[in-house]
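Q: The structure follows.
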Amino acid sequence: MYAELAYLFRHALMRDAAYGLQLPSDRAALHRLALEVSETVLPPSEINQPGPLARELAEHARRARQGGADPQAMAEAERRYNLLAGQYARDRYLLSEASQCFGLVADDAGAETDMRLQAAHSCARVTLDAGFAIEAAAWLDERMAWARQTGGAALANLLILRARAARALDEYTEALSYTEEAARIFQALGDHEGLLDTMMATATSLRRLNRPEEAETIGRQTCALAEELCLTAKHGAARVNLGALLRGQCRFGEARTELQRGIGLLQQSGDLWNLGPALGSLAILEEDQGNAELAITLTRESIEIARRTGNRHLLGMGLSNLAAMQVDFGHAGDAAPTFEQALVCLNETADRRCLAITLASYAGLLEEQGNPDRACGMREEAIRLSRQIGYHTGVCENLLGLAREQLRRRCLDQAEQLAREALDYARASQRLPEQAFARSVLCRVLLARGRVTEARTTWAEAWQFYAGSGSPRVREREVRFMHQACAEAGISPFE
């Protein structure tokens, strides 16, 4: 722990041998003594708040308890320090470590119910942060049975997380039912902050269900309530959420206004954890609008916040987005090392969803650079990760990447099979953009096979989306691809 105490043995094996020679009761007493001395000499901030020593203190308490040294007091200390260790790891997006610490408390039958529910909520949250939506859903279903016996805000908070898991699995109708139940509980309790979280989650589900008017109405109600309650950080998060809703409707001017207002409120509140992702959302909007310099600047600001806060997850996604922008805006030579840095960060956090997204983007760069074999390997890994977590959009996107490669190689049977499989996943996800992309690729495959009438119908279905929504940059890209495919087929471009 301190320099003068850390190296009493010349070699770790000598230390371990000496430790093993102690009687179990003596070892337990030593661990109890180590905990008591630590609690005496360390400053209160080191033992009462999340910190780097919390897990070590929890381990001292565990070993003391197992050896029979004041087991009740040591069990209470172990739980307390595991919660602090979990919070410290979660704040740094060390998700596997955080999940383990919280899970120990959540599954401890000797802990008080409120503490177990708090730990269960935290464990489910980091499990979702890590992209394990299927596991989180099953874990929450099991624990909500005893949470319902208690009811109250603890149950409502678990319901919000269960809704988040459902959204990650593209189960938006189920997600709505969970948030509606949570809303009823928060309304009965008069818990306005909990109700705000529920309203934001509901708006997100409605947007994914292609019910934009209802989503916008709830989004604006959320902003109004947060403003009325003078909850600056919540108000900022609500504005950012509304901006994302409006961006999805291609109302870019209004979306920019809401995102900028939300960012200002988050800066005012000092909420760096939400400020970083908010800057990332605004950067993506500016990227869609072709504002390269501003998009990259905002992304770099988000990355800097991630470094300041130790948020490895945000850092990984920021680097991934920066690399994608470097590709889009003519700096592909800088993108590969940026992608590699992003993958290192995301592997540390074990976030399979974000890993799949980054692998897909990196694969696109490798395809452009003439390295299709490595690109295909990345896409196959992204598909594997996406299937593990029920991420239909990720499966769809990477199947389309493989279909495009098979089309380039003129392996048309495989290309059509992959494109149709991608379209099935896009339909399952209820996501119109992915359905349009799948139809665009399928149209190009059908043209290559000489099935012009079927290709024309498929393109018309895709165009219904592109004509009314989607970013202009994406629309222009898909039209360009279609014109190229028509030229190769020796026919006039489709209307």
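Q: Taking 7 Å along the Cα-to-C-beta vector as the label spot, tell me the Glu39-Glu381 distance in nanometres, rounded to one decimal.
A: 4.6
Q: Quick check for me: using +1 on Lys/Arg Cβ and -1 on Asp/Glu Cβ, what's the dipole size of the range 410-495 about its Cα centre, in debye to the nearest 20?
A: Once rounded to the nearest 20, the dipole reads 140 debye.
Q: Given charges of +1 on the Cβ of Lys and Arg and -1 on the Cβ of Asp and Glu, with all other atoms neutral, how large is the dipole of the chain about its Cα centre, in debye to the nearest 20?
A: Charge dipole of the chain: 760 debye, to the nearest 20.
Q: Can you tell me how much longer the chain between Leu209 and Glu476 gets when fully stretched, taken as 0.36 nm per residue apart minus their C-alpha distance, in nm with one decimal?
A: Gain on stretching Leu209 to Glu476: 93.5 nm.
Q: In the range 135-213, what chymotrypsin sites (Phe, Trp or Tyr not before Pro) fall in a loop by DSSP, with at most 16 other Cβ atoms inside 10 Å?
A: Sites meeting the loop and neighbour criteria: none at all.
Q: Residue farthest toward the positive end of the dipole of the range 410-495, with Cβ of Lys/Arg at +1 and Asp/Glu at -1: which of Ser429, Gln484, Thr457?
A: The residue sitting most towards the positive pole is Gln484.
Q: Can you give the relative contact order of the chain as a percent, counting alpha carbon pairs under 8 Å and 6+ residues apart?
A: 8
Q: Over the range 410-495, what is the mean sequence separation of C-alpha contacts under 8 Å (at least six apart), divided by residue count, expressed as relative contact order in percent?
A: 25
Q: The range 88-135: which GluC sites (Glu not before Pro) are DSSP loop and have at most 14 other beta-carbon atoms within 10 angstrom?
A: Glu112
Every read-out reported here was derived from the displayed coordinates using simple, explicitly stated rules and does not represent laboratory data. As the structure is a prediction and not an experimental result, all values here were calculated from the model. Heads up, the Cβs are rebuilt from the backbone with ideal geometry, glycines too, and the neighbour counts pull from every protein chain shown.
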